[in-house]
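Notes for the one structure printed next.
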Amino acid sequence: MKTQGGTVKRTALTLFASIAVAVAAVGGILFGYDTGVISGAILFITSEFALPPTLEEIATSSVLVGAILGAIAGGLLADRAGRRLSIIAASAAFLAGTGIVVVAAGLPVFLAGRVLIGMAIGVASFVVPLYISEIAPSALRGGMVSINQLFITLGILISYGVDYLFSSSGDWRAMFALGAVPAAVLLVGMLLLPDSPRWLASRQQTDRATAVLQKIRGTREVSGELDDIRKSIKAQKGGRWSDLLAPSVRMPLIVGLGLAVLQQLTGINTVIYYAPTIFQFAGLHSAGASIAATAGVGTVNVLATAAAVVLIDRTGRRPLLLAGIAGMAVSLAVLGAGFAFSGAVQGGSLLGLITAVSLTAYIASFAIGLGPVFWLLIAEIYPLNVRGRAMSVATVANWAANFLITLTFLTLVGILDQAGVFWLYALVSIIAWFFVLRLVPETKGLTLEEIEEHFRAGRHPRELKGVARPRD
Ligand code: BGC
């Protein structure tokens, strides 16, 4: 296999690289756990602090506000202090925020803790994929970065389970306290791991970059890969915010921002956060139905993401995105139709069935495409000198859109009815499908330096075609 440097490159996955990915991806568990745990905890917090509905909404969404702030600050942090230190700072903030939440005697302290946890999530949500993408061999990069998304879905599922376990005692502090376990694992693990070779090289720490690359690749022969990285660093200048507007970064920026917003505006978190409510709309009111809905949604999310991890370096990114988004559009349209016409077709149990089937299909379609591929692509398409900053811009847009959808869902249902809201998300999915068709590049198998060179030459994203690189 020829790289730009002309050396033969094999795609071995060393134990060291696997450990680095597994440790960093614990950040995904925290992301999933800390965004999911609130759904079961909020009932008890609301009654302990005697919160009216507006304050309940603020308590629920404070973590998203923190994530927006963290994503803003994380860009500079990742480029200046490095990927490793950024993840270490995020895990320390996770621990501190969790401590504050667990001892909170009133709402203001609780909110401060949740905002801090949110800031940690905002940083980890993009620096973890960034770190993994800069470590992974190109033929395996898609699957390795998507382990982070797999861990997000696992974190969500675990949070549902923990919420359920403590729901009889109502001990919401214990629900949050358990989040400290992965945070401590992440902190200690990252203290023991090195920074990414690409970031080290970009800071002129060539000897360390070489040593890390040798360890990760399990061979002393890394000069070809290092030459590629160095050449690409030489071709860049600056590394300022204004460089994001350079012609070569503009298109990747549009692709990242578009996917960021579309990942949220197609409604995923209305299902992740409100699945039991949606089932109640469909006439399934029992506690059993609500538990089954949440557990089912969480499990399908994990399983379909696991399928994406296996497929993504074989099929490529675009086929998964196009198939997944098409599935989302169809299942949302069916879900909307179920609500619109259920009266005519004897309501009740039929609507429950349509809801269960279409929500399952919707989640599986998201998990095979937009879920993992968005976070992967934004870790692949930006040049090294501004990679942290560019990813931070896309990540802020993602969290802001998440905040918007979460806050407006119930109000929109009041205005448009359930059918109208799901059809609206179906319409956005159709727009997303064409966006991907026209603008999203195929990065499969390419090195980050090859992707960068393509955009530096001013070429259109769609002209970038992936390659099939053999694995060991
Ligand atoms: C999204 C989250 C979502 C999660 C669900 C992530 O890719 O960014 O907003 O909750 O997937 O699995």
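Please treat every number below as a calculation from the coordinates, not as lab data. Model, not experiment: these values are computed from the prediction. Ideal geometry is used to build each Cβ from the backbone, glycine not excepted, and the neighbour counts take in all protein chains shown.
Quick rundown of the values:
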item: Mean-position separation - Cα centroids, segment 292-364 and segment 192-244, in angstrom; result: 41 Å
item: Computed E for THR408/LEU192 - FRET, C-beta separation, R0 41 angstrom, nearest 0.05; result: 0.45
item: Acute angle (nearest 10 degrees) that the helix 53-80 long axis makes with the longest principal axis of the chain, alpha-carbon atoms; result: 0 degrees
item: For the chain, size of Cβ-based charge dipole, Lys and Arg +1, Asp and Glu -1, in debye; result: 1660 debye
item: Listed residues GLY40, LEU30, VAL188: farthest to the positive end of the dipole of segment 9-193 (Cβ charges); result: VAL188
item: Extension gain (nm, one decimal) between LEU439 and ALA96, 0.36 nm per residue minus Cα-Cα; result: 119.4 nm
item: Cβ crowding within 10 Å averaged over residues, with 417-423, 67-73, 140-146, 30-36 ranked highest first; result: 30-36, 140-146, 67-73, 417-423
item: Cα long-axis angle, helix 348-368 against the chain (0 to 90 degrees, to the nearest 10); result: 10 degrees
item: Two-site FRET efficiency, GLN205 against ALA323, from Cβ-Cβ distance with R₀ of 41 Å, rounded to 0.05; result: 0.45
item: Extension reserve of the SER18-GLU221 stretch, reckoned as 0.36 nm per residue once the Cα distance is removed; result: 71.1 nm
item: Dipole magnitude (debye, nearest 20) for segment 239-472, charges at Cβ of Lys, Arg, Asp, Glu; result: 360 debye
item: Residue-averaged 222 nm ellipticity for the chain, from DSSP H runs of 4+ at -39500 (n - 2.57), nearest 500; result: -26000 deg cm²/dmol
item: Full-stretch length increase - GLU57, VAL185 - with 0.36 nm per residue and alpha-carbon distance subtracted; result: 43.0 nm
item: Relative contact order [Cα under 8 Å, 6+ residues apart], the chain, whole percent; result: 24 percent
item: Simple Cβ-charge dipole of segment 9-193, Lys/Arg +1 and Asp/Glu -1, about Cα centre, in debye nearest 20; result: 800 debye
item: Highest to lowest packing among 46-56, 296-306, 369-379, scored as the average C-beta count within 10 Å; result: 369-379, 296-306, 46-56
item: Positive-end residue, the chain charge dipole about Cα centroid, Cβ charges, pick of ALA367, PRO137, THR408; result: PRO137
